[in-house]
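Report on the following structure.
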Amino acid sequence: MFFEGSEKKAEVIVDLGGKSLRSIDQSFWSQLVAKCEATILSKISNDSCDAYLLSESSLFVFDDRFTILTCGQTILINSILFFIENHDRDCISQIIFQRKNEYFSHLQKTHFLDDVKKIQEMFAGVSLRFGHMDAHHNYLFHLDKEYQPEKDDKTYEMLVYHIASDVSKNLTSGKLNAQEIRDLLKLELLIPGFQIDDFVFQPFGYSLNAISTNGEYLTIHVTPQEESSYVSFESSINLVEKASIILETLRPHAFDFMTFNPEGFENNFDTIPKIYQNETLVRETISCGYNVEFAHFSKNEREVFKAYKMEI
């Protein structure tokens, strides 16, 4: 059973003249999520954030921005357009839109360039690709508009491919509950003290949102099927520093980092197990003020396996 785990992501930053996005009724966010063909499953909140767990990933609403990630065949651009249509365009400080390359891109209802053209009907923007076209890569679009992020505005994405066979079989066994998956992922080491909201999908799959009292967040989405396994992590905490915990647990064949304003990015590569080799490093200071770094790692050992039988 194939599921497209690769995410589409948008961060929309606003200036509402002192009004918080969190003051908007939840019914609006339900409509926004429905526009991309997803639904809200649950919600947790603290003084900094409302975190919504979705049927297809996550939505985080802060005072001055919201971040939404969706997977599968969702049409995230429709949610962005819905927000723009319901707000004065002058209040939008920045939009950053990303799409990870998909395993089966031909099954998607839209593609990156289709999405970007719709935004550019209203705003000028810049489109970039991080990584080689014939390898794992990430597309990024941002408004061609002056913006200066705060010093503590940092994002770390870690995208993990082809997890170890025994881990995949464990996660697709149907026998693990939410707490057992938390234990498997060693969340007590990754995010001690965080408030957690998670969901185990049937027949398999797992999503988690976690928030802390000091404003940090983490979201995890697990697509465990062995032939297309994919696990994504996104957080405001430094995932490069904590990557060894993730790698020792999942033992993937390859992984990427995609980071915004990271601290000591390449200096932290020393913490990566030596079995992994950094094959690609892309650096770009984008015109809206973020230093973006992308790195691809893979195991420096040969893989030997049988052909996969395809279901037609």
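The values are calculated or read from the model by the stated rules, or taken from the named source; none is laboratory data. Because the structure is a prediction, the values reported are computed rather than measured. Backbone-built Cβ (ideal geometry, glycine too); neighbour counts: all protein chains shown.
Just to be sure, is Arg129 under 21 Å from the mean Cα position of the chain (by Cα), among the charged types (D, E, K, R) and either modelled with pLDDT of 95 or more or at positive phi (or both)?
On the way: under 21 Å from the mean Cα position of the chain (by Cα): yes; among the charged types (D, E, K, R): yes; either modelled with pLDDT of 95 or more or at positive phi (or both): yes.
Here the answer is yes, as Arg129 does meet what is asked.
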Query raised in the report: closer than 19 Å to Glu7 by Cα and of a type outside the set (Phe, Trp, Tyr), is that true of Ala295?
Result: yes
Report task. Please name all residue pairs, on different chains or six or more residues apart, with Cβ atoms under 6 Å, provided the first residue is in the stretch 173-198 and is under 20 Å from Ser42 (Cα atoms) and the second residue is assigned to a loop (DSSP other than H, G, I, E, B). Result -> Phe194/Ser212
Query raised in the report: Restricting attention to the stretch 213-225, does a residue exist that is touching a residue at least 12 places away in the same chain (Cβ under 8 Å), closer than 30 Å to Tyr308 by Cβ and assigned to a helix (DSSP H, G or I)?
Result: no
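A quick yes/no check of all residues on (1) surrounded by fewer than 22 Cβ atoms within 10 Å (Cβ to Cβ); (2) out of contact with any Pro (no Cβ under 9 Å at 6 or more places or on another chain); (3) at pLDDT below 95:
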{"residue": "Gly193", "(1), (2), (3)": "yes, yes, no"}
{"residue": "Ser207", "(1), (2), (3)": "no, yes, no"}
{"residue": "Ile211", "(1), (2), (3)": "no, yes, no"}
{"residue": "Thr219", "(1), (2), (3)": "no, yes, no"}
{"residue": "Val222", "(1), (2), (3)": "no, yes, no"}
{"residue": "Val240", "(1), (2), (3)": "no, no, no"}
{"residue": "Ile245", "(1), (2), (3)": "yes, yes, no"}
Report task. List every residue pair whose Cβ atoms sit under 7 Å apart, with the two residues 6 or more apart in sequence or on different chains, where the first one lies in the stretch 146-168 and is under 14 Å from Leu247 (Cα atoms) and the second, anywhere, is at pLDDT 95 or above and of a type in the set (Lys, Arg). Result -> Ile163/Arg251; Ala164/Arg251; Val167/Arg251
Query raised in the report: Hey, does the stretch 9-22 have a residue that's buried (at least 23 other Cβ atoms within 10 Å of the Cβ), touching a residue at least 24 places away in the same chain (Cβ under 8 Å), within 22 Å of Asp198 (Cβ to Cβ) and within 14 Å of the chain's Cα centre (by Cα)?
Result: yes
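For the stretch 68-102, name all the residues that are part of a loop (DSSP other than H, G, I, E, B), closer than 21 Å to Thr259 by Cα and not charged (D, E, K, R). Don't jump to the end; show me each part of the working.
Step one: list which residues in the stretch 68-102 are part of a loop (DSSP other than H, G, I, E, B), which gives 71-75, 86-88, 101-102.
From the residues that got through so far, the ones that are closer than 21 Å to Thr259 by Cα too are 71, 101-102.
If the condition is that a residue be part of a loop (DSSP other than H, G, I, E, B), closer than 21 Å to Thr259 by Cα and not charged (D, E, K, R), then Cys71, Asn101 are the ones that fit.
Is it the case that Thr271 is touching an Asp or Glu at 6+ places or on another chain (Cβ under 7 Å), farther than 23 Å from Pro224 by Cα, surrounded by fewer than 17 Cβ atoms within 10 Å (Cβ to Cβ) and of a type outside the set (Asp, Glu)? Walk me through it before giving the result.
On the way: touching an Asp or Glu at 6+ places or on another chain (Cβ under 7 Å): yes; farther than 23 Å from Pro224 by Cα: yes; surrounded by fewer than 17 Cβ atoms within 10 Å (Cβ to Cβ): yes; of a type outside the set (Asp, Glu): yes.
It is true that Thr271 is touching an Asp or Glu at 6+ places or on another chain (Cβ under 7 Å), farther than 23 Å from Pro224 by Cα, surrounded by fewer than 17 Cβ atoms within 10 Å (Cβ to Cβ) and of a type outside the set (Asp, Glu).
Got a number for residues in the stretch 128-146 being within 18 Å of Ile80 (Cβ to Cβ) and either polar (S, T, N, Q) or surrounded by 16 or more Cβ atoms within 10 Å (Cβ to Cβ) (or both)? I'd like the intermediate steps shown before the answer.
Applying the first criterion (within 18 Å of Ile80 (Cβ to Cβ)) to the stretch 128-146 yields 128, 138-145.
Checking which are either polar (S, T, N, Q) or surrounded by 16 or more Cβ atoms within 10 Å (Cβ to Cβ) (or both) leaves us with 138-143.
The qualifying residues number 6.
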Requested in this report: Scan the stretch 296-310 residue by residue and report those that are under 25 Å from Glu157 (Cβ atoms) and among the small types (Gly, Ala, Ser).
Outcome: Ser298
Requested in this report: Go through the stretch 260-312 and give me each residue that's of a type in the set (A, V, I, L, M) and either more than 23 Å from Ala10 (Cβ to Cβ) or assigned to a strand (DSSP E or B) (or both).
Outcome: Ile272, Ile275, Leu281, Val282, Val292, Ala295, Val304, Ala307, Met310, Ile312
Query raised in the report: more than 23 Å from Gly72 (Cβ to Cβ) and among the hydrophobic types (A, V, I, L, M, F, W, C) - does that describe any residue in the stretch 200-211?
Result: yes
